[in-house]
Amino acid sequence: MSDPYLAQPSSPQHAPRQPHPAPAGFRPILIVWYLCAGLLGAVVGLVGTVMHRQWMPWILVVALITVAVAGVLVRAWLGGGGLVPYAIGWFVVVQLFAAQGPGGDVIMPAQPISYVWMIGGMVMIGVAAFAPRSWFSD
């Protein structure tokens, strides 16, 4: 004789529902991480934009190296897809400071050093994007 409490229900309508697994590779925390990557890009862009004209050219060189190092960090952390929000955050902040403010002030005037900062920063993000994969393998 079998135990009625161990018997499984015979009809599928009484079977407990299994939760649907999330698609492969999707984790809700990725959204937060991508937002953090964008925030990191914005902070690097803000600090670099405000400081790039101080003690020329040394702070500019340090700021450009910081853009590259933070880009490599984001790529190691989130992969190549993480560079997109990082680059967007950096680019938006730099372009906002290149525009004329409400009082007519411009943080980044049309001078060669400002162009080096804008173009050089984009190049440094490209360097992080095209760094060898062997740097990021475990």
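Only one entry of Gly41, Gly82, Gly89 meets the criterion of being modelled with pLDDT of 90 or more, open to solvent by less than 30 Å² (accessible area, probe 1.4 Å) and in contact with a Leu (Cβ under 7 Å, 6 or more places away or on another chain), and that entry is Gly89. Restricting segment 48-77 to residues that are of a type outside the set (Lys, Arg) and outside any helix (DSSP H, G or I) leaves a set whose member that is most open to solvent (accessible area, probe 1.4 Å) is Trp55. Restricting attention to segment 30-85, the residues being among the aromatic types (Phe, Trp, Tyr) and under 16 Å from Gly120 (Cβ atoms) number 1.
Scanning segment 36-51 for residues that are closer than 17 Å to Met118 by Cβ and either of a type outside the set (A, V, I, L, M, F, W, C) or within 8 Å of the chain's Cα centre (by Cα) (or both) gives Gly41, Gly45, Gly48, Thr49. Residues of segment 90-115 that are part of a loop (DSSP other than H, G, I, E, B) and either among the basic types (Lys, Arg) or more than 26 Å from the chain's Cα centre (by Cα) (or both): Gln100, Gly101, Pro102, Gly103, Gly104, Asp105, Val106, Pro109, Ala110, Gln111. Taken over segment 92-115, the residue count meeting the criterion of being modelled with pLDDT of 85 or more and of a type in the set (Asp, Glu) is 0.
For Ser114, indicate whether it is free of Cβ contacts under 8 Å to residues at least 24 places away in the same chain and not charged (D, E, K, R). For Ser114, the condition - free of Cβ contacts under 8 Å to residues at least 24 places away in the same chain and not charged (D, E, K, R) - is not met. Can we say Ala110 is of a type in the set (Gly, Ala, Ser) and surrounded by 15 or more Cβ atoms within 10 Å (Cβ to Cβ)? No: the conditions fail for Ala110.
The values are calculated or read from the model by the stated rules, or taken from the named source; none is laboratory data. Computed from a predicted model, the values in this text were never measured in an experiment. Every residue, glycine as well, gets a Cβ built from its backbone with ideal geometry; the counts of neighbours run over all protein chains shown. The accessibility values were calculated without ligands, DNA or RNA, using every heavy atom of the protein model including side chains. Shrake-Rupley method; radii C 1.70, N 1.55, O 1.52, S 1.80 Å.
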